[in-house]
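Q: Take a look at this one; I'll ask things after.
The values are calculated or read from the model by the stated rules, or taken from the named source; none is laboratory data. The shown structure was predicted, so the numbers you read here are calculated from the model rather than taken from an experiment. Glycine gets a Cβ as well: all are built from the backbone with ideal geometry, and neighbour counts include every protein chain shown. With ligands, DNA and RNA removed, areas are computed over all heavy atoms of the protein, side chains included. Shrake-Rupley method; radii C 1.70, N 1.55, O 1.52, S 1.80 Å.
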Amino acid sequence: MADETRSDATIEHLAAEGRTIEPPEEFARRATIGTEDTYRVMYRRSLEEPERFWREAAEQELDWIEPFDTVMSGGFEDLDYRWFDGGVLNVAANCLDRHLGTWRRNKAALIWESDDGHTKTYTYQQLHYEVSRFANVLKKKGVEKGDRVAIYLPMIPELPIAMLACARIGAIHSVVFGGFSSSALRERIQDCSAKMLITADEGIRGGRKVALKVAADEALFECPSVESCVVVQRGAGDVDMEPGRDTWWHQEISAPEVRKPCALEPMAAEDPLFILYTSGSTGKPKGVLHTTAGYLLYSALTFKTVMDYRDEDVYWCTADIGWVTGHSYIVYGPLAAGATSLMFEGVPTYPDPGRFWAVVEKYRVNIFYTAPTAIRALMRHGSGWPQRYDLSSIRLLGTVGEPINPEVWTWYHETIGRGEVPIVDTYWQTETGGFLITPFPGATPLKPGSASWPFFGVEPEVVREDGSRADPGEGGYLTVRRPWPGMLRGTWGDPHHKRMHEVYFERFPGRYFTGDGARVDADGDYWLLGRVDDVINVSGHRLGTAEIESALVSHEAVSEAAVVGFPHEVKGEGIHAYVILRDGYHASEDLASILSGHVRKVIGPIAKPDRIQFAQDLPKTRSGKIMRRILRKIAAGETETDAFGDLSTLAEPKVVKDLIAGRAAL
Ligand code: WT7
């Protein structure tokens with residue numbers, strides 16, 4: 001176990017020290033969950049009387065067209081768990097329409113900050129109008145309930161508008177991150193047979209243009225399921241438009257007939273809402289499927305209680321909507337809660353490393369939620385940048401995406417949070433829909449580096465290899481023992497849950513396995529230790545090593561490749577690729593950059609290897625299995641073979657020495 005996870009000596013040290021930071025009194029007094037006791041009582045009730053707990057939550061948090069008859073059924077035995085059966089509702093109605101009958105009608109729902117500092121604000125009324133208009137466009141183009149719509153857009157308001165428009169008519173959206181390549185886009189469109197694609201002429205990030213339509217055209221070349229493509233004009237509009245297939249968004253929405261209100265599609269609680277692809281330890285990305293009621297309830301309730309949202313707050317999550325964080329905590333959770341959600345098109349360092357803080361000052365942001373990688377990147381530019389801005393509006397900070405180490409946590413707390421603002425280190429996954437383990441800012445004594453407590457209804461257990469419960473302080477595998485409303489309902493194209501069972505339920509029967517290592521300390525607080533499978537976490541983004549390996553092997557020069565993560569100061573993990581060339585090819589820096597470029601083209605810039613190490617051979621067991629443990633140690637710079645653990649199964653011991661030498665020569 002210890003061998004497979006990151007070194008957490010510092011965390012251990014702080015945990016041993018028992019340093020905790022109590023919730024500020026003023027914060028606790030006004031918080032939704034304001035004492036440790038309140039949390040404990042509610043948590044216990046959520047496990048002991050789950051039906052009652054979730055019934056009350058669902059009645060209180062959501063607007064139903066028809067009430068549900070059953071709170072929950074099924075479980076991890078047959079994987080046919082269902083929530084709120086019999087209930088009928090619509091997600092867009094819950095995010096928009098229901099606020100129109102209240103004072104929130106004229107409240108800002110969405111504030112958009114563009115890359116170059118312009119602003120667009122949509123009140124709930126205005127957003128409702130735009131969503132309804134675009135929903136009419138979808139219908140006019142033949143999109144029906146249950147059809148898949150792929151969305152490949154930059155961080156512009158049309159992105160949440162398109163998502164909500166799909167939700168309004170019951171179409172299933174699949175957002176593909178704008179940083180993915182044309183082949184990654186193609187693969188996702190093909191997997192879910194999307195009927196329509198929504199894209200933009202180009203994206204603009206950090207002053208640089210991203211040629212989205214060019215990539216989309218390349219992808220659509222091999223996507224026969226796509227009948228139409230709607231293109232938002234973000235740039236100069238100077239792109240090819242395929243007659244009969246492509247139309248402009250602004251032209252579509254200006255047709256008079258789409259201005260009339262679009263009727264809501266009544267959706268069953270378990271009707272699909274969206275598919276979002278994510279990498280796993282096997283080659284192909286999986287289309288994680290989320291459904292209507294459970295997902296919406298879970299994202300709304302976690303948002304309200306953990307982000308402690310109050311109606312006067314401006315809330316900013318810096319994630320891209322192309323990832324689940326943006327789905328749950330820019331769009332669905334906040335809008336269902338009637339919040340003001342800020343979305344940002346740009347990057348933290350453009351035009352300078354003060355950009356985040358300039359935006360906080362400009363809108364008087366109260367709740368700020370970002371990733372450890374962004375904090376680390378900004379930390380490197382020094383405290384001078386944040387100090388130039390008035391950050392006094394901030395009352396809550398959050399992080400997500402990877403373990404945050406205590407030094408970074410402390411910098412965030414002191415420099416951005418004035419040494420007094422609570423930080424919620426929220427642990428969750430694409431599959432979980434919302435927070436699984438998280439502090440409650442008015443109730444949890446914080447320990448830098450710990451994600452603290454399970455959310456209501458979540459019953460985690462850290463187990464050993466053999467499935468028995470790990471002792472306090474002992475590292476193990478993080479599993480969950482029962483379903484919760486926000487969890488995935490399956491993966492696309494796997495109606496009998498065969499793949500889902502293999503990926504999440506096989507290793508520890510009867511439990512959901514997260515793929516992460518964790519330990520629980522003597523106080524019952526959870527510490528996440530990183531992935532224990534062949535998944536690496538680069539800047540808070542999950543990448544399957546197998547996917548990068550297949551990209552490398554798809555190049556004619558490569559005969560074999562093995563990819564591992566290594567500790568990286570800013571990204572958390574960097575990508576180290578060991579490459580064996582085919583006969584007739586010779587190792588060179590040029591070839592290394594050609595191969596990097598190839599991976600970038602196949603998957604996207606995020607997957608580009610940081611290092612390529614050419615090798616003659618890989619360390620394998622006698623049965624031919626690559627010993628990744630050794631490759632990870634070498635990539636991390638380890639040179640003493642004593643530190644490599646048991647090498648007795650290694651077929652060819654000399655390989656290790658050669659690889660160490662090769663690593664040193666990089
Ligand atoms: C993986 C999920 C869901 C948010 C974005 C990433 C890691 C996420 C934390 C955290 C330690 C974390 C895990 C997890 N992770 N948040 N607070 N502390 N690790 O979503 O792409 O589905 O990745 O991110 O390893 O399994 P994702």
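Q: Just to check your reading of the model, which residue among 593, 550, 559 is assigned to a helix (DSSP H, G or I), modelled with pLDDT under 95 and either open to solvent by 30 Å² or more (accessible area, probe 1.4 Å) or within 16 Å of the ligand (Cβ to nearest atom) (or both)?
A: Selected residue: 550, the only one of 593, 550, 559 that is assigned to a helix (DSSP H, G or I), modelled with pLDDT under 95 and either open to solvent by 30 Å² or more (accessible area, probe 1.4 Å) or within 16 Å of the ligand (Cβ to nearest atom) (or both).
Q: Select from the stretch 212-233 the residues that are open to solvent by 60 Å² or more (accessible area, probe 1.4 Å) and out of contact with any His (no Cβ under 7 Å at 6 or more places or on another chain) and list them in ascending order.
A: Of everything in the stretch 212-233, those that are open to solvent by 60 Å² or more (accessible area, probe 1.4 Å) and out of contact with any His (no Cβ under 7 Å at 6 or more places or on another chain) turn out to be 214, 218, 221, 222, 224, 227.
Q: Separate question: Looking at the stretch 339-362, can you tell me whether even one residue there is within 16 Å of the ligand (Cβ to nearest atom), open to solvent by less than 10 Å² (accessible area, probe 1.4 Å) and within 18 Å of the chain's Cα centre (by Cα)?
A: No, the stretch 339-362 contains no residue that is within 16 Å of the ligand (Cβ to nearest atom), open to solvent by less than 10 Å² (accessible area, probe 1.4 Å) and within 18 Å of the chain's Cα centre (by Cα).
Q: Here are the criteria: (1) farther than 24 Å from residue 51 by Cβ; (2) away from the ligand (no atom under 15 Å from the Cβ). Tell me which single one residue 423 does not satisfy.
A: Here residue 423 meets the rest and fails (2).
Q: Would you check if residue 100 is among the hydrophobic types (A, V, I, L, M, F, W, C), open to solvent by 10 Å² or more (accessible area, probe 1.4 Å) and more than 30 Å from residue 497 (Cα to Cα)?
A: yes
Q: Just need a number here: residues in the stretch 234-284 that are open to solvent by less than 20 Å² (accessible area, probe 1.4 Å), of a type in the set (S, T, N, Q) and part of a strand (DSSP E or B).
A: The qualifying residues number 1.
Q: Just checking, does the stretch 303-312 include any residue being at positive phi, touching a strand residue (DSSP E or B) at 6+ places or on another chain (Cβ under 9 Å) and not in a strand (DSSP E or B)?
A: Looking for residues that are at positive phi, touching a strand residue (DSSP E or B) at 6+ places or on another chain (Cβ under 9 Å) and not in a strand (DSSP E or B), one finds at least one in the stretch 303-312, hence yes.
Q: On to the next question. Return the pair list, or none, for Cβ contacts closer than 7 Å from residues in the stretch 288-316 that are closer than 15 Å to residue 486 by Cα to residues that are among the charged types (D, E, K, R) and in a helix (DSSP H, G or I), at least 6 apart or on different chains.
A: 288/431; 297/61; 300/61; 301/61
Q: Sticking with this structure for a sec: Take the stretch 317-348 and flag every residue that is of a type in the set (A, V, I, L, M, F, W, C), outside any helix (DSSP H, G or I) and touching a helix residue (DSSP H, G or I) at 6+ places or on another chain (Cβ under 7 Å).
A: Of everything in the stretch 317-348, those that are of a type in the set (A, V, I, L, M, F, W, C), outside any helix (DSSP H, G or I) and touching a helix residue (DSSP H, G or I) at 6+ places or on another chain (Cβ under 7 Å) turn out to be 317, 319, 321, 337, 342, 343, 344.
Q: Quick test for you: out of 442, 398, pick the one residue that is open to solvent by less than 20 Å² (accessible area, probe 1.4 Å), away from the ligand (no atom under 13 Å from the Cβ) and touching a residue at least 60 places away in the same chain (Cβ under 8 Å).
A: 442
Q: How many residues does the stretch 469-489 hold that are open to solvent by less than 10 Å² (accessible area, probe 1.4 Å) and away from the ligand (no atom under 16 Å from the Cβ)?
A: Final tally of qualifying residues: 1.
Q: Please give the number of the condition residue 129 fails out of (1) without any contact (Cβ under 8 Å) to a residue 12 or more places away in the chain; (2) surrounded by 22 or more Cβ atoms within 10 Å (Cβ to Cβ); (3) not β-branched (Val, Ile, Thr).
A: Result: residue 129 passes all but (2).
Q: Say we look at the stretch 374-395 and pick out the residues that are open to solvent by less than 20 Å² (accessible area, probe 1.4 Å) and either touching a His at 6+ places or on another chain (Cβ under 8 Å) or under 26 Å from residue 304 (Cα atoms) (or both); which of these is farthest from the ligand (Cβ to nearest atom)?
A: Within the stretch 374-395, the match that is farthest from the ligand (Cβ to nearest atom) is 393.
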